[in-house]
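Worksheet: the structure to be examined is printed underneath.
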Amino acid sequence: TEPASSGGYLIELDIDIVGQPGCFRTTRATMNFCVAEPDSIAAPGWDAQYRWIGRYVQQLEDALFGANFASAADGYAKYLDVDSVIQYYLVNELAKNIDGDLRRSTFMFKQRSGKLFFGPVWDFDLAFGNVGYANLVGPQGWHVRNAPWYARLFEDPAFRARVVAKWDAMKASGAIEGLLDHLDQRQAQLQIAQQSNFQRWNVWGTQLFVEPYPLPIDYADAVSRLHGWVAARIQWMDAQFALMR
């Protein structure tokens, strides 16, 4: 019973595991939520907790798509920790993470008597242009913003303003452009390790999964492409956010 049943839950969104024990879907966005913790959620005696978290997420979605969705008292903010939603969005949109659009490899958690938080972030193997799908390989274009929940959130002018304000604050702190410095530092730190790695597994010029063509020819080429992609992505997003101010 409440408040004990109100948390804590760790939830993973994964459209590929529909119908498994401990999973449930929402009625509007048809997103697939699976309770990762407690992992006993599908065991006998946990029906009340399973129903509680499923009902909470559905109430959240109903409020998000309701007529008063922007209301602080009755809309999505009643159920969602909006700051975490914005932070999750910016991290995954900047990376143009294919798994960041609330379909898979997305985690949320809910503490007891608290709201639903987005995070921790996870799974960036198909991100930063490292995917050969035509609409995702380039540094231009929205991706995460097209997810049903985010598409609805961006209909709220107050939410859009908070996203832009967070981006501006991150830029002012040096966190955004600092990614480029971080890449340079990591390139140097991994110089010896990468030599050993590619002596053992000489995969340059080999497509291992869905990497975009043309494939990098060596470590320096791969890092250079990543550096250029991130710089172009920052520039594109900054220009788009400028139009929202």
From the list Phe154, Phe128, Phe109, which residue is out of contact with any strand residue (DSSP E or B) (no Cβ under 7 Å at 6 or more places or on another chain) and open to solvent by 30 Å² or more (accessible area, probe 1.4 Å)?
Phe128
Among the candidates Leu208, Leu136, Leu215, residue that is assigned to a loop (DSSP other than H, G, I, E, B) and buried (at least 17 other Cβ atoms within 10 Å of the Cβ):
Leu136
Kindly indicate whether Leu94 is open to solvent by 10 Å² or more (accessible area, probe 1.4 Å) and within 20 Å of Gln240 (Cα to Cα).
yes
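Considering each of Asp74, Asp16, Asp81 in turn, give the residue that is open to solvent by 70 Å² or more (accessible area, probe 1.4 Å) and under 21 Å from the mean Cα position of the chain (by Cα).
On the way: Asp74 fails: under 21 Å from the mean Cα position of the chain (by Cα); Asp81 fails: open to solvent by 70 Å² or more (accessible area, probe 1.4 Å).
From the options Asp74, Asp16, Asp81, the qualifying one is Asp16.
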Please go through region 152-183 and pick out each residue that is among the aromatic types (Phe, Trp, Tyr) and either in contact (Cβ under 8 Å) with a residue 12 or more places away in the chain or over 14 Å from Val82 (Cα atoms) (or both).
Phe159, Trp167
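Suppose the filter is open to solvent by 80 Å² or more (accessible area, probe 1.4 Å) and among the hydroxyl-bearing types (Ser, Thr, Tyr); does Ser196 pass it? Lay out the reasoning, then the answer.
Details: open to solvent by 80 Å² or more (accessible area, probe 1.4 Å): no; among the hydroxyl-bearing types (Ser, Thr, Tyr): yes.
No: the conditions fail for Ser196.
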Of those in region 232-245 that are out of contact with any Asp or Glu (no Cβ under 9 Å at 6 or more places or on another chain) and of a type in the set (A, V, I, L, M), the residue least open to solvent (accessible area, probe 1.4 Å) is Ala232
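The values are calculated or read from the model by the stated rules, or taken from the named source; none is laboratory data. What you see is a predicted model; the values in this text were computed from it and never measured. Here Cβ is always computed from backbone atoms with ideal geometry, including for glycine, and neighbour counts include all displayed protein chains. Note: areas computed on protein heavy atoms with side chains; ligands, DNA, RNA excluded. Shrake-Rupley method; radii C 1.70, N 1.55, O 1.52, S 1.80 Å.
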